[in-house]
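Worksheet: the structure to be examined is printed underneath.
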Amino acid sequence: GKVKVADFGIARAVSAQTMTSSAMGSVHYISPEQARGGFSDERSDIYSLGVTMYEMVTGRVPFEGDNTVAIALAHLEDVVVPPSVYNPEIPVSLRIILRCMEKKPERRYRSAQDVITDLRAALIRPSEAGSSSVDVEERALNGETVQISSEQLSQIKQFRRPERMEQEHRENYDR
């Protein structure tokens, strides 16, 4: 029930630092490419916006875990539970949220203006929109902004769940 202001400019403002030693921001809102230590751009911010909208309509963040590494890995590998599972009154048009939260940046909206266009369309035609264009660990689990250590970032980059490795192997073999 509280209004919070967030600055998603972190992705661009500290991208050099983010890539070399640590990631800044709450692990609940980190994009997969940031968790992986890859390149981040406006689409990384769009992912974080999607997480914020998800939380606004469901009252919960999309991924939970026992520690920051587990949450970051969920952003990399787990499928997002559709918001309508938690709140059946959410209009179908809010598939906009899921598009913002696509794992691959190229599948997300290209710009914030594209998100705004679909959000406006959702207000007018809800059925059609969405098709266009303390302890550090404890603070992170509560959604506070913390820095991910280089050791944690290394764990995220190197860790692969066995079933995910098998899937990647099958996908590479099919190519």
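Give me the residue from the stretch 85-106 that is modelled with pLDDT under 90 and assigned to a helix (DSSP H, G or I) and, out of that set, least open to solvent (accessible area, probe 1.4 Å). Selected residue: Ser93. Condition check for Tyr109 on (1) of a type in the set (Phe, Trp, Tyr); (2) under 28 Å from Lys2 (Cβ atoms); (3) open to solvent by 40 Å² or more (accessible area, probe 1.4 Å): one failure, at (3). I'd like to know if the stretch 136-150 contains one or more residues that are open to solvent by 20 Å² or more (accessible area, probe 1.4 Å), over 27 Å from Lys2 (Cβ atoms) and modelled with pLDDT under 75. Within the stretch 136-150 (the criterion being open to solvent by 20 Å² or more (accessible area, probe 1.4 Å), over 27 Å from Lys2 (Cβ atoms) and modelled with pLDDT under 75), the answer is yes, since at least one residue qualifies.
Condition (residue is over 16 Å from the mean Cα position of the chain (by Cα), on the phi < 0 side of the Ramachandran plot and of a type in the set (A, V, I, L, M)) applied to the stretch 77-87: is it met by at least one residue? The answer is yes; a qualifying residue exists. Taking the conditions exactly as written (modelled with pLDDT under 90, among the acidic types (Asp, Glu) and open to solvent by 50 Å² or more (accessible area, probe 1.4 Å)), does Asp118 satisfy them or not? The answer is no for Asp118.
The values are calculated or read from the model by the stated rules, or taken from the named source; none is laboratory data. Not measured: the values here are computed from a predicted model. Don't worry about glycine lacking a Cβ; one is built from the backbone with ideal geometry, like all the others, and counts go over all protein chains shown. Calculation scope for accessible area: heavy atoms of the full protein, side chains included, ligands and nucleic acids excluded. Shrake-Rupley method; radii C 1.70, N 1.55, O 1.52, S 1.80 Å.
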